[in-house]
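Report on the following structure.
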Amino acid sequence: MLSFIYTDVLPDVHEITGSASASSFTNMIQHLLAAADLYDLARLKILCEVLLCEKLDVDNVATTLALAEQHQFFQLKTFCLKFVASPANLGAVMKSEGFKHLKQSCPTLLSELLNAVAAADKSSTSGQSNKKRSASSVLGCDTTNMRQVRRRT
């Protein structure tokens, strides 16, 4: 976080963690997002949310959803709920360790998740297209060259 504050460039998370694994990357970005929220670093929060949306998978979506709920990141939460509600993802997510954590830490999210699953089921049976949108379009920001983007004053 300090690196971002001083340079206005998102640090290389793989270099910091010393690992190239996707799970350690996601874990670091989740912690960075929580710290950015604590210190109200709006731009860092947006960058972290976009990265989390782009790296979302069945192994990390439940913990990301819990984080979004706890810190009131509504766009990230919506993105996660739509991801989980997909019939292709739901079963695998429910078997994950993260889902066990989600049930314990945010039990009220389960009813929202059921609503999202029902809405996804309704839209797929009514013939509506489930056009996939990028994380940057959902969050409304430009993520091209994210590491090189500097704040203009």
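The values are calculated or read from the model by the stated rules, or taken from the named source; none is laboratory data. Since we're looking at a predicted model, the values are computed, not measured. Don't worry about glycine lacking a Cβ; one is built from the backbone with ideal geometry, like all the others, and counts go over all protein chains shown. Protein only, heavy atoms only, side chains kept; ligands, DNA and RNA dropped before computing areas. Shrake-Rupley method; radii C 1.70, N 1.55, O 1.52, S 1.80 Å.
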Is the range 10-23 home to any residue that is within 29 Å of residue 119 (Cα to Cα), open to solvent by less than 50 Å² (accessible area, probe 1.4 Å) and part of a helix (DSSP H, G or I)? no
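Yes or no, residue by residue, for (1) within 30 Å of residue 9 (Cα to Cα); (2) modelled with pLDDT of 85 or more; (3) assigned to a helix (DSSP H, G or I):
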| site | (1), (2), (3) |
| --- | --- |
| 93 | no, yes, yes |
| 101 | no, yes, yes |
| 111 | no, no, yes |
| 120 | no, no, yes |
| 129 | no, no, no |
| 137 | yes, no, yes |
| 145 | yes, no, no |
Criterion first (outside any helix (DSSP H, G or I), hydrophobic (A, V, I, L, M, F, W, C) and either open to solvent by less than 20 Å² (accessible area, probe 1.4 Å) or on the phi < 0 side of the Ramachandran plot (or both)) does residue 58 satisfy it? yes
Output the number of the condition that residue 46 fails; it satisfies all remaining conditions of (1) open to solvent by less than 50 Å² (accessible area, probe 1.4 Å); (2) closer than 16 Å to residue 32 by Cα. (1)
Across the range 64-75, the tally of residues that are open to solvent by less than 50 Å² (accessible area, probe 1.4 Å) and either under 14 Å from residue 116 (Cα atoms) or touching a residue at least 60 places away in the same chain (Cβ under 8 Å) (or both) stands at 1
